[in-house]
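Chemist: For reference, the structure I am asking about is given below.
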Amino acid sequence: MKLESNIPGGPIAEKWTRHKFELKLVNPANKRKFTVIVVGTGLAGASAAASLGELGYNVKAFCIQDSPRRAHSIAAQGGTNAAHNYPNDGDSVYRLFYDTVKGGDFRAREANVHRLAECSNLIIDHCVGQGVPFGREYGGLLDNRSFGGAQVSRTFYARGQTGQQLLLGAYQSMMRQVAKGTVKMFPRREMLDLVLVDGKARGIVVRNLISGELECHEADAVCLATGGYGNVFYLSTNAKGSNVSAIWRAHKKGALFANPCYTQIHPTCIPVTGDHQSKLTLMSESLRNDGRVWVPRNADDPRKPSDIPEAERYYFLEEKYPSFGNLVPRDVASRNAKMVCDEGLGVGGSKRAVFLDFADAIKRLGENGVSARYGNLFQMYEKITDENPYKTPMRIYPASHYTMGGLWVDYNLMSTIPGCFVLGEANFSDHGANRLGASALMQGLADGYFVIPYTIGGYFASSKLDKVNSSQAEFVDAAKSSKAQIDRLLSINGKKTVTEFHRELGHVMWDNVGMGRNKTGLEKAISEVPALRDEFWKNVKVPGDNASFNQNLESAMRLADLLEFGELLARDALYREESCGGHFREEHQTPEGEAMRDDEKFCHVAAWEWKGDNKKHDLSKEDLKFEYAHLMTRSYK
Amino acid sequence: MSGNMNLTIKVWRQKNIQSRGVFETVKLSDISPDMSFLEMLDVMNEQLMRENKEAFAFDHDCREGICGMCSLVINGLPHGPDNLITVCQLHMRKFKDGDTIVVEPWRAAAFPVIRDCAVDRSAFDRIIQAGGFVSISTGNAPPANTVLVPKADSERAFDAAACIGCGACVASCKNASAMLFVAAKVSHLSYLPQGKPEKQKRVLSMVEQMDKEGFGNCTNLYECEASCPKGISVEFIAKMNREYLCSSALYAERVYSTEG
């Protein structure tokens, strides 16, 4: 398939302004004649629903939780970037653009990233206007901090709950539109299928999670803002309900899936304690500002960490990366923790952990000083592990956190299905192969508040959209096939539970398609995942029926999609014979163990097209051009 | 990892809002003290399903104490026997080998049971919809630093804004009052200059909706504050009451419309 990115012409700083002018407009009085479906109510979905409602479109918003306020954007701790340059330290839209392209290891689309940087300041202005209580200085002005190794202070934050406060701002704006009648909210609904009429996205089939009833909803466009697929690893920092289903089902209806192998493993998570573990908890990477990462030089050192003398400690990040030290980007920090554990130097019961030590910071700042900065994180750590991090070093290990890949979209955020737009983490476009800290919130909100309100108008004004009705054949057929899948799941009545299967999938994915990937491991995953999928469809046990609130059925349907998707992720990782950002192929590294890109062969987006059950995907490529941020090797030494 | 606790769990089972609920007793063995409470329930559900029974339904999502979805009354206490946490952050080391643990849903007329311990909290959404926002449309905002906000006001606003909307305040109150939830949003927005223009209208509409939903009134027992995972203070209820009183008397549009 030929991929048209529709990037506007002109110098990079003028592209978005020019594009906004060139997009056709929908007359204010005509907007209410258009219905837009928004699936997902996280930062991207809620901000899109609110903004489209404010413009006068007729919006229907859907979420799987009991309330739109619970979407997993709420869990983001650190902050959101913007190029306001309030600290006068040399930031600019261009610098934010440049850092994001470089941080993404030159695998993002330049024009999209520049637009993101341009929107960053508008986001802060708007969220302050909504009453988001950002951190402030005594003079009443907004405070900033440096985050994730950035060399300027551009991160706006609301204590350790920035995601929560930004999401509540978007949620409240959306509820204001619900009161006005422009947005209709459908909670506890799960999208099961995207409905196409004449090749255009014209509606969805959803399951009412309380009654089990399948509902068809028609619209003139569908926006998917359903987040990432980190739960393919079973254990991740994602919410339990986070899933790939909505975008996967759109993929099976023709939307290309781009760069699924770009997954981000976050370095500072609380390690796994046992098989009962159901999720992993992230602690803000701001901890790396004052904590020192180390392992004992001798494997299985039986001494208490505080009794191990300096000379016998291996501060591996500080030794290998003297200029960035403990503040290297997430992918570098995670991979190095894995390497020392693979060498047998890991600590704790599982030997899959490294120390994050605050002893020096406590000497320098005092316990109170450390508590003022990280008190809530220390308390959280103690609640979970029953260890006091003021007295003994924290133990940390990387965990699956964010996924940069997603449905392929053009500059207008439209997928390869006309009328199907994809926003936030669910699309692939802005973070390349690695996302920088405090950029996820920025992207979700940029897409929802400041991009989709313009580009969707351009689509409506230039498309011919006949009336559709949810009782017509396309909808009825889609609902029928969804119902058939549900009936099949309920009738298997096998021996293994959904969780057992999900855990197995997680093991295969984490061991072979996690932080370090090689040909042998990837081929193993490519043969094991389909085998597990076959077993799932023969031997899964889903108690209960469809006509009631059945959480096991929900999980089974989500897992069925992850079992298909996991294979594509591994195939994409096998295809990409290079190391870039979060994708590390062990065959492609420098003698010092650093990632080695292959710009000759892989400076492109790999977008995969579904060809049918158990058939191989087709590959389409979008070449990436770096006209402003020139290709170079990232170095944090 | 195997554990060393044997427990008796009495869980509330209720097929739907029309049916009557009953307690079901489940015996669990080999529970690790390092498990979270919800992971213990996961183990229980796996056991139930192996016995060909339906799993116990309860709401949960982020499992890190911020989404507000988990909602269980454990041994009579919303979010269980630890302070300033949600159920998902409660760990089994808070219990002893041989304990009997009683698990119930949030009980309030305004939170009807969907199944077992999953309840419908959409009443909270309708209260926010009634006025829990600043009327600003995308594109309207002035540059962020043109409006100064004293740090103390911003911090107080944040203390209130930390509410996760879980409903423990309602579940712990003998009147099933939602005053702490409503007061938190009213206070968050009225401390900030951006929220001041609509302050009077907001408190009147939100309280009106709260009453319509069937929540009870506050009788100053402070159970809500004690059970709140985010430590929201009852002082915000006092602030809301003052604002409500002033607004009832002074709200310009209402005064003019009754005159007119």
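The values are calculated or read from the model by the stated rules, or taken from the named source; none is laboratory data. Here the structure is a predicted model, which means the values were calculated and not measured. Every residue, glycine as well, gets a Cβ built from its backbone with ideal geometry; the counts of neighbours run over all protein chains shown.
Chemist: Considering (1) in contact with a helix residue (DSSP H, G or I) (Cβ under 9 Å, 6 or more places away or on another chain); (2) over 30 Å from A:Leu166 (Cβ atoms); (3) at pLDDT 95 or above, say which one B:Phe37 fails and leave the rest.
Modeler: (2)
Chemist: So, in region B:204-257, exactly how many residues are β-branched (Val, Ile, Thr) and in contact (Cβ under 8 Å) with a residue 60 or more places away in the chain?
Modeler: The number of residues fulfilling the criteria is 1.
Chemist: Can you tell me how many residues within region A:118-130 are in contact (Cβ under 8 Å) with a residue 40 or more places away in the chain and crowded, with 24+ Cβ neighbours inside 10 Å?
Modeler: Selection size over region A:118-130: 6.
Chemist: Follow-up. What number of residues in region A:32-75 are assigned to a helix (DSSP H, G or I) and either under 20 Å from the mean Cα position of the chain (by Cα) or not assigned by TED's automatic domain parsing to the domain that holds A:Ala170 (or both)?
Modeler: 14
Chemist: Something else about it: If a residue has to be closer than 21 Å to B:Tyr222 by Cβ and either in a loop (DSSP other than H, G, I, E, B) or among the hydroxyl-bearing types (Ser, Thr, Tyr) (or both) to count, how many in region B:69-93 make the cut?
Modeler: 11
Chemist: Here's something else I'd like to know. Could you grab me the full set of residues in region A:109-143 that are in contact with a strand residue (DSSP E or B) (Cβ under 9 Å, 6 or more places away or on another chain) and more than 14 Å from chain B (Cβ to nearest Cβ)?
Modeler: A:Arg109, A:Ala117
Chemist: Restricting attention to region A:79-108, and to residues there that are under 30 Å from B:Ser187 (Cα atoms) and outside any loop (DSSP other than H, G, I, E, B), which single residue is farthest from the other protein chains (Cβ to nearest Cβ)?
Modeler: By that ranking, first place goes to A:Asn81.
Chemist: Please count how many residues of region B:10-53 are more than 19 Å from A:Gln277 (Cβ to Cβ), away from chain A (no Cβ under 11 Å) and not polar (S, T, N, Q).
Modeler: 11
Chemist: Right, here's the next one. Please state which one of B:Ile128, B:Ile136 is in a loop (DSSP other than H, G, I, E, B) and either at negative phi or modelled with pLDDT under 95 (or both).
Modeler: After applying the criteria, what remains is B:Ile136.
Chemist: Residues of region B:54-75 being small (Gly, Ala, Ser) and more than 7 Å from chain A (Cβ to nearest Cβ), which ones?
Modeler: Answer for region B:54-75, where residues must be small (Gly, Ala, Ser) and more than 7 Å from chain A (Cβ to nearest Cβ): B:Gly65, B:Ser71.
Chemist: Can you pull out the residues in region A:265-319 that are among the basic types (Lys, Arg) and closer than 25 Å to A:Phe233 by Cα?
Modeler: A:Lys279, A:Arg288
Chemist: Could you identify the single residue in A:Ile37, A:Ile64, A:Ile74, A:Ile12 that is more than 30 Å from A:Leu196 (Cα to Cα), surrounded by 24 or more Cβ atoms within 10 Å (Cβ to Cβ) and not small (Gly, Ala, Ser)?
Modeler: Of A:Ile37, A:Ile64, A:Ile74, A:Ile12, the one residue that is more than 30 Å from A:Leu196 (Cα to Cα), surrounded by 24 or more Cβ atoms within 10 Å (Cβ to Cβ) and not small (Gly, Ala, Ser) is A:Ile74.
Chemist: From the list A:Ala525, A:Ala547, exactly one residue is among the small types (Gly, Ala, Ser) and touching a Gly at 6+ places or on another chain (Cβ under 6 Å). Which is it?
Modeler: So the residue among A:Ala525, A:Ala547 that is among the small types (Gly, Ala, Ser) and touching a Gly at 6+ places or on another chain (Cβ under 6 Å) is A:Ala547.
Chemist: Report the residue count in region A:271-328 for those that are within 14 Å of chain B (Cβ to nearest Cβ) and part of a loop (DSSP other than H, G, I, E, B).
Modeler: Number of matching residues: 13.
Chemist: When you go through (1) more than 28 Å from A:Arg109 (Cα to Cα); (2) surrounded by 24 or more Cβ atoms within 10 Å (Cβ to Cβ); (3) of a type in the set (Ser, Thr, Tyr) one by one for A:Ser211, which number turns out not to apply?
Modeler: Unmet for A:Ser211, out of (1) more than 28 Å from A:Arg109 (Cα to Cα); (2) surrounded by 24 or more Cβ atoms within 10 Å (Cβ to Cβ); (3) of a type in the set (Ser, Thr, Tyr): (2).
One line per residue, one yes/no per condition, for (1) farther than 30 Å from A:Gly544 by Cα; (2) of a type outside the set (Val, Ile, Thr):
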| residue | (1), (2) |
| --- | --- |
| B:Glu104 | no, yes |
| B:Ala110 | no, yes |
| B:Ser122 | no, yes |
| B:Arg126 | yes, yes |
| B:Asn140 | yes, yes |
| B:Val149 | yes, no |
| B:Arg156 | yes, yes |
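Chemist: Okay, next question. Filter region B:172-225 down to the residues that are of a type in the set (Gly, Ala, Ser) and in a loop (DSSP other than H, G, I, E, B), then identify the one that is nearest to the other protein chains (Cβ to nearest Cβ).
Modeler: B:Ala178
Chemist: Same structure again: Filter region A:144-156 down to the residues that are under 16 Å from B:Ala144 (Cβ atoms) and in contact with a helix residue (DSSP H, G or I) (Cβ under 7 Å, 6 or more places away or on another chain), then identify the one that is nearest to the other protein chains (Cβ to nearest Cβ).
Modeler: Among those residues, the one meeting the criterion is A:Phe156.
Chemist: Of the conditions (1) more than 10 Å from chain B (Cβ to nearest Cβ); (2) on the phi > 0 side of the Ramachandran plot; (3) touching a residue at least 60 places away in the same chain (Cβ under 8 Å); (4) of a type outside the set (Asp, Glu), A:Arg159 fails just one. Which one is it?
Modeler: Just one mismatch for A:Arg159, condition (1).
Chemist: What number of residues within region A:590-624 are modelled with pLDDT under 95 and in the same structural domain as A:Ser527 (by TED's automatic domain parsing)?
Modeler: 6
Chemist: How many residues, within region A:356-390, are among the aromatic types (Phe, Trp, Tyr) and surrounded by fewer than 19 Cβ atoms within 10 Å (Cβ to Cβ)?
Modeler: Count: 1.
Chemist: Follow-up question, since we're still on this one. State the number of residues belonging to region B:85-112 that are within 16 Å of the chain's Cα centre (by Cα) and either more than 10 Å from chain A (Cβ to nearest Cβ) or not aliphatic (A, V, I, L, M) (or both).
Modeler: Looking only at that region, the number is 13.
Chemist: If you go through region A:397-427 one residue at a time, how many are touching a Leu at 6+ places or on another chain (Cβ under 6 Å) and either in a strand (DSSP E or B) or within 28 Å of A:Ile270 (Cα to Cα) (or both)?
Modeler: Residues meeting the conditions: 5.
Chemist: Please indicate, with yes or no, whether at least one residue in region B:141-163 is closer than 28 Å to A:Asp66 by Cβ, touching a helix residue (DSSP H, G or I) at 6+ places or on another chain (Cβ under 9 Å) and not in a helix (DSSP H, G or I).
Modeler: Taking every residue of region B:141-163 in turn, at least one turns out to be closer than 28 Å to A:Asp66 by Cβ, touching a helix residue (DSSP H, G or I) at 6+ places or on another chain (Cβ under 9 Å) and not in a helix (DSSP H, G or I).
Chemist: Shifting gears a bit: Taking helices (runs of 4 or more DSSP H) that do not extend beyond region A:517-628, which have at least 1 residues that are without any contact (Cβ under 8 Å) to a residue 24 or more places away in the chain, of a type outside the set (D, E, K, R) and at negative phi?
Modeler: It comes to A:519-539, A:551-575.
Chemist: Is one or more of the residues making up region A:342-353 of a type in the set (Lys, Arg) and closer than 19 Å to A:Tyr381 by Cα?
Modeler: Yes; the residues of region A:342-353 include at least one that is of a type in the set (Lys, Arg) and closer than 19 Å to A:Tyr381 by Cα.
Chemist: Moving to a separate point now. Is there a residue being within 14 Å of chain B (Cβ to nearest Cβ) and under 30 Å from A:Tyr397 (Cα atoms) anywhere in region A:454-463?
Modeler: Within region A:454-463, none of the residues are within 14 Å of chain B (Cβ to nearest Cβ) and under 30 Å from A:Tyr397 (Cα atoms).
Chemist: Are any of the residues in region B:127-135 more than 9 Å from chain A (Cβ to nearest Cβ) and surrounded by fewer than 24 Cβ atoms within 10 Å (Cβ to Cβ)?
Modeler: No, region B:127-135 contains no residue that is more than 9 Å from chain A (Cβ to nearest Cβ) and surrounded by fewer than 24 Cβ atoms within 10 Å (Cβ to Cβ).
Chemist: What pairs come up if the first residue lies in region A:87-98 and is surrounded by fewer than 16 Cβ atoms within 10 Å (Cβ to Cβ), the second is of a type in the set (A, V, I, L, M), and their beta carbons are under 7 Å apart, counting only those six or more places apart or on different chains?
Modeler: What qualifies is A:Asp89/A:Val152; A:Gly90/A:Val152; A:Ser92/A:Ala83.
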